[in-house]
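First comes the structure, then the notes that go with it.
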Amino acid sequence: MEYGVIERDIDVDASPEVVFEVISQSEHVREWWPDDARFEPVAGAPGELVWRDAQTGETTTVDLAVVDVDPPKRFSFRWCFAEPGRDGQSLLVTFDLVPIATGTRVRMTETGFREMGWEIALLEKQYQDHVSGWNHYIPALGTYVARLVATS
């Protein structure tokens, strides 16, 4: 297996402007992805994503750095830095938004796995963990957008 790129597409019944807000604003991101998100949607801005283990109460905080903010077309950030802080090797997550007849096609792409310098066993584990995560969170994004549009 290549372990290079993860891509997920989902079509949602909302305008690119609405979807852009959902993927680029902390208050929306925390509704479908992490337990908490702290960042400003400004290129170069630092931020954090926080997950809480429901059983133990322990938290995991992951640094991020916003890379590209191009409303309502693209939002990207780097995360999972190889070294502490927001420098050096990291994974790049990009959300591209394309208008379609029924709303918006969201394409999430995550790259950079091979560039992390991980041993093959860790590379495979990290890649599979991220595949599993996106398989859960991309549908959650669609569900959240549908709920948001239904209540507005």
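The values are calculated or read from the model by the stated rules, or taken from the named source; none is laboratory data. Predicted, not measured: the structure shown is a model, and the values here were computed from it. Positions of Cβ are generated from backbone atoms using ideal geometry, with glycine treated the same way; all protein chains shown enter the neighbour counts. We work out accessible area using only protein heavy atoms, side chains counted, and drop any ligands, DNA or RNA first. Shrake-Rupley method; radii C 1.70, N 1.55, O 1.52, S 1.80 Å.
Looking only at region 18-46, which residues are within 23 Å of LEU97 (Cα to Cα) and in a loop (DSSP other than H, G, I, E, B)? Correct list: GLN25, TRP33, PRO34, GLU40, PRO41, VAL42, ALA43, GLY44, ALA45. Here the condition is being surrounded by fewer than 13 Cβ atoms within 10 Å (Cβ to Cβ) and free of Cβ contacts under 8 Å to residues at least 40 places away in the same chain; of ASP36, ASP53, it holds for ASP53 alone. Scanning region 65-84 turns up one or more residues that are open to solvent by 50 Å² or more (accessible area, probe 1.4 Å), of a type in the set (A, V, I, L, M, F, W, C) and modelled with pLDDT of 95 or more. Residues of region 87-115 that are surrounded by 16 or more Cβ atoms within 10 Å (Cβ to Cβ) and in contact with a helix residue (DSSP H, G or I) (Cβ under 7 Å, 6 or more places away or on another chain): PHE95, LEU97, THR104, VAL106, MET108, GLU110, PHE113. Filtering region 105-125 to residues that are of a type outside the set (A, V, I, L, M) and within 14 Å of LEU92 (Cα to Cα) leaves ARG107, THR109, GLU110, THR111, GLY112, PHE113, ARG114, GLU115.
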